[in-house]
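Read through the structure below, which is laid out as structure tokens, and then see the notes.
The values are calculated or read from the model by the stated rules, or taken from the named source; none is laboratory data. Note that this is a predicted model, so its numbers are computed, not measured. Cβ sites come from the backbone with ideal geometry, for glycine too, and all protein chains shown count toward neighbours. Keep in mind that these areas ignore ligands, DNA and RNA; they rest on the heavy atoms of the full protein, side chains included. Shrake-Rupley method; radii C 1.70, N 1.55, O 1.52, S 1.80 Å.
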Amino acid sequence: MSTSASTDILNAKAKWEWLDPLCIQGSVNLAFDQGEESWPVLLDDIERDHALIIDISAVPALAEQLKRGDAFHLFGHVNGAMVRTSTLAVIEWLETDGDRLRVRCSYPELLSTVHRRNTFRAPIRAEMGVEARLVLEGHETPVAVELRNLSLGGCLLAMPLGRAVSLASGQRFAPLELHFPSLQSLRLSGSIRHVRSDEGWREALIGCEFDDPSLDKERLLWYCVKEAEREGARSVMTRDKVLSPSPLFRGPDGQRPAPKPAETTALAVGNATARRLKKIADYLSAQILTLQNGGAIASSLLSRHADTLVTLSGQGQDALLYALGYLHEETPLVRHSLGVAVRATDLVRWQGYPEDVIKAVAASALVHDLGKCQLPASILDSREPLDAEARARLAEHVPAVLTQLEHCRWLSPEIARAIVGEANERLDGSGYPAALGDAQLSPLGRMMAVVDVIDALGQPRADRDAWPLLERYRHVLGHPALFDATWAQRYVRRFGTAPVGSLARFSSGALAWVQRIDDQGRPAQVHLVLNTKSPQRRLDQILNDGDIAQLGKFEGVLPEASYGLHLS
């Protein structure tokens, strides 16, 4: 199979789409049909659908052959493709000031575009109806993705930010399944070349490289690429319909597939607070991808999302804590970052800190652990205790974030050092990265250490299961040599033994989401969703204060996803 392929373009608007970039860049080449040489000239203007204006002042010797009526054509490059006009003829020479030589020539009847097969990528639009599913090597469950472009050598996929954080350059996939409306399908293997966010930080883009296909599969793949280009050319047509619909993008009945709603990262349900919190989660996922690609923390975006978090915190603690439960599909790092930031922000507000400090705490807590995204999985997912070398490498995530935050001129360096730099320190000097002791730790750093460890122990890791809430409380309260006793007591008093957003269990078998707690930290308003004695029957009832007594004695809170329950 040849390494290039050509396409003839007859449609008027499609020709304009190719000629206009040539005119903008100006420089093209002129060649006579009976010769092999070409000369650089200027495509000075386009009289759309009527004529081209060419300036040959740089090569005045061309005037003799043009005046003689020799047939010629123009060619140049646009987006990696060579564009060549059909044979052109001089209409008239234009009068100019000075020594310029300008000529009006005929408008091309057609354009020919030549692409290198492995570099040309055909754009894929949502209305083309291509369904794509990606199966990563070592995984069985396919991931739904959107196909954005396709070439013989690879493709570009899109997916929600949160799902892309765990992907890595070099990761193998087998297969990528592409299903076209005609019922034609492709199964391709290969590897991920890059994972990044789009310019608006709204979705993740995954560049893929295909393995060398068999000859038959290569022919089929190139057919799909060419048909995608053909279908794309039809989209720019207005009056004249030269190209018939591509059969690849029509169903067996010859009809275009019904449009499918675009996948969105916004929460389909949940309260307004949860939807605003989801935008912060998307920012964190995009920021993680940016850091993994060697980028920096986006100062203005961090400031904006910290402002949002501070505003939500000021509007009410209960709504914000409850909203965290809607984000159970986010990655563990994003959930931890949000959980810590929400509770740290609430604690400092409760203790009466000024607004500028509250914002600095919120911002620092949001990114305090993001440096871990640059650490190898062998450290983060180790099932064995880390040796001294691995522990030293783990500690690097702290200064990595602090260095990034130096560029956030609006953020207090002292607060950043307290929230990010002291989150993993311990009063006895056994923490990291600086092994600071009791006398060296700031009040905010002591608070952050308590908030961080309570949330972290509540998430499962490769080397342990998630700890129940009361065991986490006992850990911080029972180790005053490690954690500040005052802040530990404040945390328990503020969030209670039945925290808002947790799944409470009662002696009657009832399970209910806690929506509000009283001054003693006990459920004061709950959303009843299930009774374990009749697990097939889902319930939906809001109970307040005295009505909660009918559920029996409060027996504690259950881990996330117990009985398959999630806020939704």
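Some points to look at:
Yes/no matrix, rows are residues, columns are (1) part of a helix (DSSP H, G or I); (2) over 30 Å from Arg409 (Cα atoms):
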| residue | (1), (2) |
| --- | --- |
| Thr311 | yes, no |
| Ala344 | yes, no |
| Tyr353 | no, no |
| Ala360 | yes, no |
| Ala365 | yes, no |
| Lys372 | yes, no |
| Glu389 | yes, yes |
| Arg393 | yes, no |
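- Where Arg383 falls short, out of the listed (1) touching a helix residue (DSSP H, G or I) at 6+ places or on another chain (Cβ under 9 Å); (2) of a type outside the set (A, V, I, L, M, F, W, C); (3) open to solvent by 70 Å² or more (accessible area, probe 1.4 Å): (1)
- Among the strands (runs of 3 or more DSSP E) confined to segment 35-95, the ones with at least 2 residues that are under 29 Å from Arg121 (Cα atoms) and not aromatic (Phe, Trp, Tyr) are located at 38-47, 72-78, 81-85.
- Tyr473 being closer than 30 Å to Ser568 by Cβ, hydroxyl-bearing (Ser, Thr, Tyr) and in contact (Cβ under 8 Å) with a residue 12 or more places away in the chain: yes
- Search result, residues across segment 395-415 that are open to solvent by 90 Å² or more (accessible area, probe 1.4 Å), within 24 Å of Asn293 (Cα to Cα) and either assigned to a helix (DSSP H, G or I) or in contact with a Ser or Thr (Cβ under 7 Å, 6 or more places away or on another chain) (or both): His407
- Of note, Ser169 does not satisfy the criterion of being under 21 Å from the mean Cα position of the chain (by Cα), open to solvent by less than 30 Å² (accessible area, probe 1.4 Å) and of a type in the set (S, T, N, Q).
- Among the candidates Leu147, Leu152, Leu134, Leu156, residue that is touching a Lys or Arg at 6+ places or on another chain (Cβ under 9 Å), assigned to a strand (DSSP E or B) and in contact (Cβ under 8 Å) with a residue 12 or more places away in the chain: Leu156
- Look at segment 438-454: where a residue is under 17 Å from Asp428 (Cβ atoms) and without any contact (Cβ under 8 Å) to a residue 60 or more places away in the chain and a partner is small (Gly, Ala, Ser) and part of a helix (DSSP H, G or I), sitting 6+ places away or on another chain with Cβ atoms under 7 Å, you get Ser442/Ala418; Gly445/Ala418; Val450/Ala488.
- Tally, over segment 313-337, of residues that are more than 23 Å from Pro523 (Cα to Cα) and in a helix (DSSP H, G or I): 6
- All positions within segment 182-200 that are outside any strand (DSSP E or B) and farther than 21 Å from Ile288 by Cα: Ser182, Leu183, Gln184
- Among the residues making up segment 201-223, a single one is open to solvent by 40 Å² or more (accessible area, probe 1.4 Å) and assigned to a strand (DSSP E or B): Glu209.
- Flag for Ser189 being under 25 Å from Pro160 (Cα atoms) and polar (S, T, N, Q): yes
Each row is one residue, and each column tells you yes or no for (1) open to solvent by 40 Å² or more (accessible area, probe 1.4 Å); (2) not aliphatic (A, V, I, L, M).
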| position | (1), (2) |
| --- | --- |
| Ala363 | no, no |
| His368 | no, yes |
| Gln374 | yes, yes |
| Ile379 | no, no |
| Glu389 | yes, yes |
